[in-house]
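Asks: Right, I'll just put the structure down here and ask away after.
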Amino acid sequence: MDNNEIERVIQRMSRTPLSRRGFLYASTMSAAAAFLAACSGSSTNSAAPSTAASAAAPSAAAPSAAASAGASAAAAEASYAPEGSLFMYNWADYVDLDNIEAFKAKYGISEFTYDTYASNEEMVTKLQGGATGLYDVGAPTAEFLPSLVDQEFIQKLDFSRIPNAALINPQFQHFYDPASPQGKYNDYHLPKDWGTTGIALRRKDVPDEVNTWKQFFEVAPKYSGRIVVVKSAGDVLTAPLKALGYSLNSVDPKELNEARELLRGLAPHVLALDSDTYDQKLRTEEAVLGLTWTGGVVDMREEEETKDTEYIVPEDGTLYWMDTWVIFTDPPHPEASYAFLNFIQQPDVQAKETETNRYATANDEAKKLVDPAILNDPTVFVPDAAFANLEGAHDVSTDPLRVEIWEEFVSSVGG
Amino acid sequence: MAVTASAEAPRPTTRRRDVRQGLLTALLLLPASLWYLILLVLPLAIVLLFSFGERGKTGGYAPGFTLDNYAAVLEHPDPFITSLTLAISGTILCLLVGLPLAYYIATRAGDRKGLFIILLVIPFWTSFLIRTYAWLMILGPEGLGGFIGDTIGQPSFRILGTEFGVLTGLVYGYLPLMVFPLYVTLERMDRTLVEASKDLGAGRWATFRQITLPIALPGLITGSILVFIPMMGEYVIPEILGYGQVYTMGSALVLRFLEARNWPAGAAYAAGLIIVMLVVITVYLWFTNRGRRTRDVSVI
């Protein structure tokens, strides 16, 4: 990586949002940027994004002026008595900075703290370590809701205080089947963003039609040693289960063992298990076919050298993940929390979120305001053909057989 | 230490003084003892306790007593073997590279000694993670790996994603930990011993084997252990440079603790790792000490 390339990466990262799952890579690179900046004095235009505390700096917004501004907003508006502070615990760089400023101004929030976690596990571990009562709002991934609710880390939401929740597509609010015992978890969250796991490929190297997971497994041997796969059990098991027509959350031993056979066939052809820099491997054509997320792939298509990159949402169904707003138990600022949840789902605010984060919104009204170019982008919003077959990821990562199959796969990739 | 030294001082020691000094010793040792107790003994005890437990309903740990976790370890010993192979070959490579380097700096570098030491330290100013990512570029398809592939006409040749690539990263990452202890012992070596050996007719090899090596031995042992232990549990380097193709103990632990959220299963692996390391280091120390003892005898 020569200097130009490093600068390009830095610029790319400062221009577009980071994959929230690419945190490790991102923080490394911004640390690298800081290091370079320190070495070279000024040549990098200090474009390095601060991954963690960018929003944490308390700006001197005058609370009195803001309080009056709050009254002027009309739309769907409940009344709040915000406490002047909000403590957020979230993925890094996951809320538009202008939106944060607008929120602070509107509700007279002078202290907006934005702490970050790099994984759901990290957040849960911190809460288990006694961090309850420290934070107001957060955005865990929906599959972690049951665990968070059962351990009483998050509270049931009073939706009468979030009028904008009515704009959310019911499919996402009802992440858990309302008829099932798990349906109760739907009362604890407000959908934030969602995205998919799919197939990324370099079209100039992969002329084959790969529109389904089934085809992915069929063509894999042709691209032996040039396939990159994210290191995430739930995402990887999705591929064989969906190719076979089963639920991606299956814990049925018969179905899982069939899936295991497909993975055994795939393992020797895999170049790398990589959740953080898979886009880099596709960029250099070290890998030409991938089972990946959308992060990074968006940027590749915008760059001249890699614009043959495609991201395909498999038509035989795939996983969608959803990050969702929650209010923690005993929040220090409950009023500000509700104000924020309603504010962030305001259609114009939410549309801006989508344009910044490049993850699909669950808010139907906001979707109408999103830039059509982003709306038609399969990495952000899923094409209709694939939408019907999407399936939410549930927390089955601890099923012993799934763990066993995953470990077998992980320990047998490559030759 | 200081207390012992002052006790040896030629002063009249009264009983009261003894008591006071005993108290002082206890006071001075308290922080270290607490440190060991809270940060070493206690966590270790928790790991052992957890390793016999069962997985909690929402992950983590639930009390219980079962040996299943250890049975699972014995069923899947592969990551132990991979890590052990990597750590042993990494230590040997570090030794092969580090000993001549330390010897050169300590005895031949002259005025530039300080410069070389600083050069060895400079990489530590940058984050370990960044340095490892840098190796991705150096060894990658646009770096050395691609170059060798082109040269030998094998486009599929690569260094990354192989045990060799991982080994390169390991040796790079831990080499200073081998060089510094070796340097310290060699630097204090009495050069006249080497001259005497030569005067008495010993060749280069005999001098090295009978003079330099025994003197360097304490540094060599310290260095090897300093290098071996972290290599055994290394997670980041195999993960990044190994492309996930080299499945080590570190990966196995992460899979159990974080992905499967099965702390008891992870704890059993951690306990297994500790046991393997203890065995290897004990054998190693016994072996090197035995060497030293037989030599003492032969000298007499």
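The values are calculated or read from the model by the stated rules, or taken from the named source; none is laboratory data. A quick note: this is a predicted structure, and the numbers were derived from the prediction, not measured. In this analysis, Cβ positions are derived from the backbone assuming ideal geometry, glycine residues included, and neighbour counts consider all displayed protein chains. With ligands, DNA and RNA removed, areas are computed over all heavy atoms of the protein, side chains included. Shrake-Rupley method; radii C 1.70, N 1.55, O 1.52, S 1.80 Å.
Asks: In segment B:129-173, how many residues are in contact with a Gly (Cβ under 7 Å, 6 or more places away or on another chain) and either farther than 20 Å from A:E286 by Cβ or aliphatic (A, V, I, L, M) (or both)?
Replies: Summing the residues that are in contact with a Gly (Cβ under 7 Å, 6 or more places away or on another chain) and either farther than 20 Å from A:E286 by Cβ or aliphatic (A, V, I, L, M) (or both) in segment B:129-173 gives 8.
Asks: Which one of these is open to solvent by 30 Å² or more (accessible area, probe 1.4 Å) and within 14 Å of chain B (Cβ to nearest Cβ): A:E310, A:E305, A:E261?
Replies: Step by step, each of A:E310, A:E305, A:E261 is checked, and only A:E305 is open to solvent by 30 Å² or more (accessible area, probe 1.4 Å) and within 14 Å of chain B (Cβ to nearest Cβ).
Asks: Moving to a separate point now. Scan segment B:74-104 residue by residue and report those that are of a type in the set (G, A, S) and closer than 17 Å to A:S412 by Cβ.
Replies: Across segment B:74-104, the qualifying residue is only B:S83.
Asks: Output yes when any residue across segment A:265-287 is more than 14 Å from chain B (Cβ to nearest Cβ) and either over 14 Å from A:T197 (Cβ atoms) or in a helix (DSSP H, G or I) (or both), and no when none is.
Replies: yes
Asks: With respect to A:L134, determine if the residue is open to solvent by 40 Å² or more (accessible area, probe 1.4 Å) and in contact with a Phe, Trp or Tyr (Cβ under 8 Å, 6 or more places away or on another chain).
Replies: In short, yes.
Asks: Among the residues of segment A:363-402, write down those that are within 14 Å of chain B (Cβ to nearest Cβ) and assigned to a loop (DSSP other than H, G, I, E, B).
Replies: Answer for segment A:363-402, where residues must be within 14 Å of chain B (Cβ to nearest Cβ) and assigned to a loop (DSSP other than H, G, I, E, B): A:A393, A:H394, A:D395, A:V396, A:S397, A:T398, A:D399.
Asks: Checking the structure you have, find out if any residue of segment B:190-206 is surrounded by fewer than 18 Cβ atoms within 10 Å (Cβ to Cβ), assigned to a helix (DSSP H, G or I) and within 14 Å of chain A (Cβ to nearest Cβ).
Replies: No, because not a single residue in segment B:190-206 is surrounded by fewer than 18 Cβ atoms within 10 Å (Cβ to Cβ), assigned to a helix (DSSP H, G or I) and within 14 Å of chain A (Cβ to nearest Cβ).
Asks: Related question: Quick one: in segment B:250-259, which of the residues that are at pLDDT 90 or above and open to solvent by less than 20 Å² (accessible area, probe 1.4 Å) is farthest from the other protein chains (Cβ to nearest Cβ)?
Replies: Per the stated criteria, the residue is B:G250.
Asks: Out of B:Y243, B:Y247, which single residue is modelled with pLDDT of 90 or more, at positive phi and of a type in the set (S, T, Y)?
Replies: B:Y243
Asks: Scan (1) closer than 21 Å to A:F328 by Cα; (2) open to solvent by less than 50 Å² (accessible area, probe 1.4 Å); (3) modelled with pLDDT of 90 or more for the single condition A:S147 breaks and write down its number.
Replies: All conditions are met except number (3).
Asks: Give B:P123, B:P181, B:P141 a once-over and let me know the one that is under 17 Å from the mean Cα position of the chain (by Cα), without any contact (Cβ under 8 Å) to a residue 60 or more places away in the chain and open to solvent by less than 70 Å² (accessible area, probe 1.4 Å).
Replies: B:P181
Asks: For A:T356, state whether it is among the hydroxyl-bearing types (S, T, Y), within 14 Å of chain B (Cβ to nearest Cβ) and within 30 Å of A:K156 (Cα to Cα).
Replies: no
Asks: Give me the helices (runs of 4 or more DSSP H) completely within segment A:146-248, filtered to those with at least 2 residues that are among the small types (G, A, S), ordered by residue number.
Replies: A:233-243
Asks: Right, here's the next one. Scan segment A:403-415 and report the pairs whose first residue is more than 8 Å from chain B (Cβ to nearest Cβ) and charged (D, E, K, R) and whose second residue is open to solvent by 20 Å² or more (accessible area, probe 1.4 Å) and in a helix (DSSP H, G or I), with Cβ atoms within less than 9 Å and a gap of 6+ or a chain change.
Replies: Here the result reads A:E404/A:R260; A:E408/A:R260; A:E408/A:R264, each pair linking segment A:403-415 to a residue that is open to solvent by 20 Å² or more (accessible area, probe 1.4 Å) and in a helix (DSSP H, G or I).
Condition check ((1) away from chain B (no Cβ under 14 Å); (2) in contact (Cβ under 8 Å) with a residue 12 or more places away in the chain) across all residues:
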{"site": "A:T116", "(1), (2)": "yes, yes"}
{"site": "A:D136", "(1), (2)": "yes, yes"}
{"site": "A:P146", "(1), (2)": "no, yes"}
{"site": "A:E152", "(1), (2)": "no, yes"}
{"site": "A:P178", "(1), (2)": "yes, no"}
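Asks: Could you figure out which of (1) of a type in the set (D, E); (2) more than 26 Å from the chain's Cα centre (by Cα); (3) crowded, with 19+ Cβ neighbours inside 10 Å isn't true of A:E255?
Replies: The failed condition is (3).
Asks: Might you let me know whether segment A:237-256 holds any residue that is more than 30 Å from A:I374 (Cα to Cα) and within 14 Å of chain B (Cβ to nearest Cβ)?
Replies: Yes, some residue in segment A:237-256 is more than 30 Å from A:I374 (Cα to Cα) and within 14 Å of chain B (Cβ to nearest Cβ).
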